[in-house]
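Read the structure below first, then the notes.
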Amino acid sequence: MIFEKGHFKSSRLQKSIITKFLNESKIFNSRNAYDSKTTVFLSHKHKDLEEIEEATGVIEMLEDLGVKVYIDSMDNKMPDQTTGETAARIKEVIKYCDKFILLATAKAIESYWCNWELGIGDVHKFQRHIAILPIKEKGEYDIEYKGNEYMQIYPHIDYRDGTTNYMNNGGIIPRGYYVVDPKNKEGITYIKELKTWLNK
């Protein structure tokens, strides 16, 4: 399943206070970055934060699952202008976060920075700690989604509605979010509950 824009729209926040919420509570503090909570680097196109509430809804979902989310655009240690220091800071945080998730909108897939961050994540997190969160435009068919190639390489986050079955035992897959591995050589995919995947 490729999520359509609006799926993760914030259910708790009014648009008018999203920026305030992010500024107040999404600043990564290196002093407590290594506490017991799993840390997630959320790679995203900055324009997506301005135009849609999707990122906020994703952050809420992840925090409800007990993790700490890092957003570089809200990091008070980032320089005002993009420099080599920016890249160094991002590399440092990706390296020390436990998980890497790409909020894979069309804009993010076309973004030089997001692709660079994914490459850094690939080096430091390896495939088992990376997930793509695919989000297509409203009304777009799954086949038109620009990030299909990413999903053939990296695990992606999916939603099961409680009507599909496991292949091995025929049991019902409970409703919820899952991390789905790319198909292996035998054409089989393995899934894991998102909450389980987010554990360190």
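Every number here is computed from the coordinates shown, using simple stated rules; none is lab data. Quantities reported herein were computed from a predicted structural model and do not represent experimental measurements. Quick reminder, even Gly has a Cβ in these numbers, built from the backbone with ideal geometry, and neighbours come from all protein chains shown.
For the listed residue pairs 138/200; 138/185; 91/146; 9/185; 37/185, the alpha carbons are over 30 angstrom apart in 138/200; 138/185; 9/185; 37/185. Couplings 3J(HN,Hα) for segment 183-192, derived from phi with the Karplus relation 6.51 cos²θ - 1.76 cosθ + 1.60 (θ = phi - 60°), are 4, 7, 4, 8, x, 9, 10, 10, 10, 9 Hz, where x marks Gly and Pro. Amide H contacts of residue 173: 164, 165, 166, each under 5 Å away and 5 or more positions distant or on a separate chain (H built 1.01 Å from N in the peptide plane; Pro and chain starts excluded). Under a 5 Å amide H cut-off, with hydrogens placed 1.01 Å from N, residue 69 pairs with 40 among residues at least 5 apart or on other chains. Of the GluC sites (Glu not before Pro) in segment 100-156, the ones in a loop by DSSP (not H, G, I, E or B) with at most 16 other beta carbons within 10 Å are 137, 140. Taking amide H atoms as placed 1.01 Å from N in the peptide plane, the amide H of residue 190 lies under 5 Å from those of 181, each 5 or more residues away in sequence or on another chain.
Would you please put 93-104, 184-195 in order of how densely packed they are, using the mean number of other Cβ atoms within 10 angstrom per residue and starting with the highest?
Values: 93-104: 22.2, 184-195: 12.1.
So the order, starting with the most tightly packed, is 93-104, 184-195.
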